[in-house]
1. Going down the table (K24/K89; K24/K88; K24/K73; K25/K88), which pairs top 18 Å between alpha carbons?
2. Mind checking the full-extension length gain between N139 and R72? Use 0.36 nm per residue of separation minus the Cα-Cα distance, one decimal, nm.
3. How far is it, in nm, from the label point at L186 to the one at K94 when both lie 7 Å from their Cα along the line to the Cβ?
4. Assuming 0.36 nm per residue, please report the length gained on full extension of the stretch L234 to E169 beyond their Cα-Cα distance.
5. Treating only the Cβ atoms of Lys and Arg (+1) and Asp and Glu (-1) as charged, compute the dipole magnitude of region 151-247 about its Cα centre; round to the nearest 20 debye.
6. Compare the peptides 130-140, 77-87 by average per-residue count of other Cβ atoms within 10 angstrom and give them in order, highest first.
7. Expressed as cubic angstrom per residue, what is the convex hull volume of the alpha carbon set of region 46-126?
8. Considering the alpha-carbon set of region 2-88 alone, what are its Rg and its Dmax in angstrom?
Amino acid sequence: MKKELTNRQYKEIRALIERGSARKKTGLFTGEGERFFEEIPESLIETVVVSGTYHEKHPDTDAYVLNDEAYRKLCDTKHPQGILAVIKKPETGKEAGISFGNDEGTAVVLEGIQDPGNLGTIIRTAEAAGAACVIMDRNTADIYSPKVVRSTMGSIFRVPFFYTDDLKETLTGFQKRGIKLYAADLSGEDMRGITLEKKRAFVIGNEGAGLSKEISDLCDRKIRIPMKGKVESLNAAVAAALLMYLE
């Protein structure tokens, strides 16, 4: 069913794409593309916007329709696929973080991850590796930004996650519940020689600076990924993936 998008609605959607403050205030975010659209739980879809060309091919889609030029200007991607959704933020998964530790499993804890592609890939890998939850400090990038959302490829709807206002307190709470904290640290032990606890959390720091000393020192053990040649460090998402798949 074809509907006309008002100028006000257009500006509101553009604000969601461009500004984290708008996403925080409204509790909404956006996602683009046919494949991503198929991943969105129907209960979370607030509004759908399509291009004129997309509407011609899919006339039964219940959506607001923009001419192709206006749609391209609205979108964040260089080559939009013609469909965009405004989405309600899913429950963050704080309950999963609080209850984590009652059973065996792996949590991924992020401090200051800034690159949207890294964060999205970590969320996606967490689903593939069966991680229990992903926890982020407030210095980590906005998981609802378009680039992060796109990189998750739908995993944002299936992986429990939340932001913590006090990372140290959260990690200390984990330790009190018998969860072992493993800091990714270049000065740590070779990961190949470590027997991991069944209840564990891998703590991964900023792409350039790594973990803060306070958080690194809080962890039970420091582990490193062995590297040959002149490589000094790995991409944060690659490092997270290697750790998540440790047995």
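Any read-out appearing in this document is the output of simple, stated calculations on the displayed coordinates, not a laboratory observation. If you're wondering where the values come from, they're calculated on a predicted model, not measured in any experiment. Cβ atoms come from the backbone with ideal geometry, glycine included; neighbour counts cover every protein chain shown.
1. Values: K24/K89 9 Å; K24/K88 11 Å; K24/K73 23 Å; K25/K88 12 Å.
K24/K73, as the Cα separations exceed 18 Å there.
2. Numbers: separation 67, 0.36 × 67 = 24.12 nm, distance 3.12 nm.
Here the answer is 21.0 nm.
3. Reported label-point gap for L186 and K94 is 3.6 nm.
4. On the way: separation 65, 0.36 × 65 = 23.40 nm, distance 2.78 nm.
My answer for the length gained is 20.6 nm.
5. 340 debye
6. Numbers: 130-140: 20.5, 77-87: 18.7.
Result, highest mean first: 130-140, 77-87.
7. Numbers: hull volume 12.4 nm³, N = 81.
Convex hull volume per residue, Cα atoms: 153 Å³.
8. That works out to 12.0, 35 Å for Rg and Dmax.
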